[in-house]
Every structure is written in C-alpha cells, then in structure tokens.
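Have a look at the structure below, then the notes.
The values are calculated or read from the model by the stated rules, or taken from the named source; none is laboratory data. What you see is a predicted model, and the numbers here were worked out from it, not measured in a lab. Every residue, glycine among them, receives a Cβ derived from its backbone with ideal geometry; neighbour counts consider all protein chains shown.
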Amino acid sequence: MGQGSGSANLGVFFGVSILCLLALTKPTHGAIYTVGGSGGWTFNVNSWTNGKSFKAADILAFNYVKSTHNVVAVSKEDYDSCSSTGGAKVYQSGKDRIKLSKGSNYFICTLPGHCQSGMKIAITAS
C-alpha cells in the first residue's frame, strides 16, 4: 500500500457511516392531508376526519376560493361559539398549509354564517 492509503480508507469508512445514518433517519415532516378531500375546505367537512390518524407535524392543506372563505385557527371556546377572539391567525390565500400541533386543533371560517352552517373542523393530533 502506498503512503496515505490509511487516511483514504478512513475517509471511505466515515462516508459510508454517514450514508448509513441518513438512511436510518426518519424525515421530520409529516403527512399532507387535503381538508375535505377533492371538494376542499367547504361546508360540512366534519366527517372528512373519520378513519384518519393525525400526528403532530402533519400538514393540513386548506384549498378554497379565497374570495369566498378563509381559515382561522382558534381555541376550543371559539370553535364552539363560532367566533374568533384574541389575535387568532387568519389564513386567506385559498391554498393554506397549516402544521398540526400535538393535541387538539380547531379551525373555522369566519365569514358571516359560515361556521354556524358547518364550516369548521376539529382535529386531534398524537
């Protein structure tokens, strides 16, 4: 063996070791769910969650006509009363992507009458 071959072997060893570690590491981002399926964010999407298991860091994709609806992340109390108080974040792009937090997550549309007509959703993420 020539001079320096030991350091070359060491470099290959570390390179292979890093690749093995990367292959075993799970990605930290979650699944992406389109709220309401192909119909998007609209009225009466409550049952859309049936059969789904959500995890913290999963992404909810809210697709809707931005001149017709919005999405507001709210507290349980605001969800129950269909109101938005206390500086809640209002999303209104029509293609909003919201990462779920562990525990209960509540979303409503705050346009007049929309939440009261069923445009709201509650999701629990583990």
Next on the checklist: With the structure loaded, tell me whether Leu111 is crowded, with 20+ Cβ neighbours inside 10 Å and on the phi < 0 side of the Ramachandran plot or whether it fails that test.
Outcome noted: no
Next on the checklist: I'd like to check something: does segment 55-75 contain any residue that is surrounded by 13 or more Cβ atoms within 10 Å (Cβ to Cβ), aliphatic (A, V, I, L, M) and at pLDDT below 95?
Outcome noted: no
Checklist outcome for this item: Subset of segment 24-46, residues modelled with pLDDT of 90 or more and either more than 10 Å from Phe62 (Cα to Cα) or not in a loop (DSSP other than H, G, I, E, B) (or both), comes to Ala31, Ile32, Tyr33, Thr34, Gly37, Ser38, Gly39, Phe43, Asn44, Val45
Next on the checklist: For segment 82-98, check the following and say yes or no: at least one residue is in contact with a helix residue (DSSP H, G or I) (Cβ under 9 Å, 6 or more places away or on another chain), surrounded by fewer than 19 Cβ atoms within 10 Å (Cβ to Cβ) and of a type in the set (Val, Ile, Thr).
Outcome noted: yes
Checklist entry - If you check every pair at least six apart or on different chains, which have Cβ atoms under 7 Å apart with a residue in segment 93-106 that is under 8 Å from Ala61 (Cβ atoms) first and a residue that is modelled with pLDDT of 95 or more second? => result Lys95/Asn63; Asp96/Phe62; Asp96/Val71; Arg97/Ile59; Arg97/Ala61
